[in-house]
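Peer 1: My structure is below; once you've seen it, I'll send some questions.
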Ligand code: HEM
């Protein structure tokens, strides 16, 4: 039975996933949701024409009672961002953001990313090492998305606190206090972004926010609340996930010094190594879909109205697809890019190219400067089930 509260799960869920893939790969959970763990089934569902809107989830007595007691929902999917919307709204919102979130805009950021990495590494060099999370993994993606959106100087510490609380809404856990805190963080972040949008109207620039505001001004394409929701999504998705790519990727490298040495010897492998980091320890462990009619997958029929958790972390370790080295970390694994860490189908991550750029520049810089980078203490995990990542990675340089 899927149980993310199994001891050791937060540190490594992979043995648990293997058991699910072998014994019950399309599992109907007594708590009123389904869990799908084999790669083939996960990709089938993600690419199918399914819903992401929570209002389509059928009632379930036990889950509804738990949610009522917790004062919140266990299932994300009630928001105005594209991540929570079906066509035609999804198509309209994604199309608008995609138009301004171009490959050109992302590639243009590379010098900025390289400069940020360099200054983070200067700090580590001066201190003879330190914790990689506050030194690099967190500040880099946060600065990059802030720059790309064209956010003014804000209270970064407060924003980080708010986004950290907001993403708890993606965790399969709810309690009264947490639900209230998530609601409050959502409101405060919405207000803050609303103020920034008002400021931006008077201070337009060559940035994402200005382009999105123009889209709103162009007519009934993007409502005011929708604009705020897309900006909050980009802000949050822009860093809470990439932090885990850098921290979990570093953990994988540091725990496999022979792979680190291989990458140091052949720096041109770094792009593939980042794909392997994404596969080996997915920064986002699951995404969800909601069935609108009966769906046959993995020899079972999922009824309409089911909330289906698609386990990306498990699909990325499925030995049916990856072979017997599925659990190994191999920086030059052929086909590593076929991981599903960015999801698949209509909701495939819009920021994948940006995340890849940040990962590539960060690890290329890190190993060029510190080829003997090593662990200098215990790793701490952030305790999250979905946006699971290392929260402290002490290193010696
Ligand atoms: C959606 C993962 C970085 C923006 C998603 C989804 C996943 C994901 C799993 C849902 C896909 C699905 O349900 O099929 C990741 C990972 C990242 C990352 C692992 C870093 C390593 C970013 C960045 C941005 C971003 C840097 C933007 C700045 C988005 C957006 C969506 C999304 C806008 C919604 C797409 C839609 O609903 O159509 N991401 N993401 N992500 N991501 Fe990312």
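We did not get these values from a lab; they are worked out from the coordinates using the rules stated. All values reported here derive from a predicted model rather than from experimental measurement. A quick note on method: Cβ atoms are made from the backbone with ideal geometry, for glycine too, and the neighbour counts reach across all protein chains shown.
Peer 1: Run the numbers on the chain and let me know its relative contact order in percent, using alpha-carbon pairs under 8 Å that are six or more apart.
Peer 2: About 27 percent, as a whole number.
Peer 1: Could you list log10 I(q)/I(0) for the chain at q = 0.07, 0.11, 0.15 Å⁻¹, which the Debye formula gives when each Cα is one point scatterer?
Peer 2: -0.32, -0.81, -1.52
Peer 1: Rounded to the nearest 500, what is the 222 nm mean residue ellipticity of the chain from helices alone, with -39500 (n - 2.57) per DSSP H run of 4+ residues and division by all residues?
Peer 2: -16000 deg cm²/dmol, from helical runs alone.
Peer 1: For labels at residue 115 and residue 91 in the simple 7 Å Cα→Cβ model, what's the distance in nm?
Peer 2: 4.2
Peer 1: Sticking with this structure for a sec: May I ask what percent, to the nearest 5, of DSSP beta bridges between residues of the chain are antiparallel?
Peer 2: Roughly 85 percent of the DSSP beta bridges within the chain come out antiparallel.
Peer 1: Based only on other Cβ atoms within 10 Å, what is the fewest-to-most ordering of 28, 67?
Peer 2: Neighbour counts put them in this order, fewest first: 28, 67.
Peer 1: Along the principal axes of its C-alpha atoms, what lengths does segment 133-217 span, in descending order and rounded to whole Å?
Peer 2: Over segment 133-217, Cα extents along the principal axes are 41, 33, 20 Å.
Peer 1: If you don't mind, there's one more thing I want to ask. Sorted by packing (mean other beta-carbon atoms within 10 Å per residue), highest first, where do 158-164, 197-203, 351-357 land?
Peer 2: 351-357, 158-164, 197-203
Peer 1: Provide the packing ranking of 5-14, 386-395, i.e. peptides ordered by the mean count of other C-beta atoms within 10 Å per residue, highest first.
Peer 2: 386-395, 5-14
Peer 1: Using a Förster distance of 25 angstrom, determine the FRET efficiency expected from the C-beta separation of residue 31 and residue 184, and round it to 0.05.
Peer 2: 0.45
Peer 1: Here's something else I'd like to know. Decide, for segment 1-143, between rounded, prolate and oblate: order the square roots of the alpha carbon gyration tensor eigenvalues as a ≥ b ≥ c, take rounded if a/c falls under 1.5, and otherwise choose prolate if a/b is larger than b/c, else oblate.
Peer 2: Taking the square roots of the gyration eigenvalues as a ≥ b ≥ c, segment 1-143 is oblate.
Peer 1: For a Förster distance of 41 Å, can you work out the FRET efficiency between the beta-carbons of residue 325 and residue 214, rounded to the nearest 0.05?
Peer 2: Efficiency, from the Cβ-Cβ distance: 0.25.
Peer 1: Now a separate question. Applying 1/(1 + (r/R0)^6) with R0 = 41 Å to the Cβ-Cβ distance of residue 24 and residue 337, what FRET efficiency is obtained, to the nearest 0.05?
Peer 2: For R0 = 41 Å, the calculated efficiency reads 0.90.
Peer 1: While we're looking at this one, here's another question. When a/c is below 1.5 the answer is rounded, else prolate if a/b is larger than b/c, else oblate, so apply that to segment 278-355 with a ≥ b ≥ c taken from the square roots of the Cα gyration tensor eigenvalues.
Peer 2: Oblate, since a/c reaches 1.5 and b/c is not below a/b.
Peer 1: Take the alpha carbon gyration tensor of segment 174-277, find the square roots of its eigenvalues, order them as a ≥ b ≥ c, and report rounded if a/c is under 1.5; if not, report prolate when a/b exceeds b/c, else oblate.
Peer 2: Oblate, because a/c is 1.5 or more while a/b does not exceed b/c.
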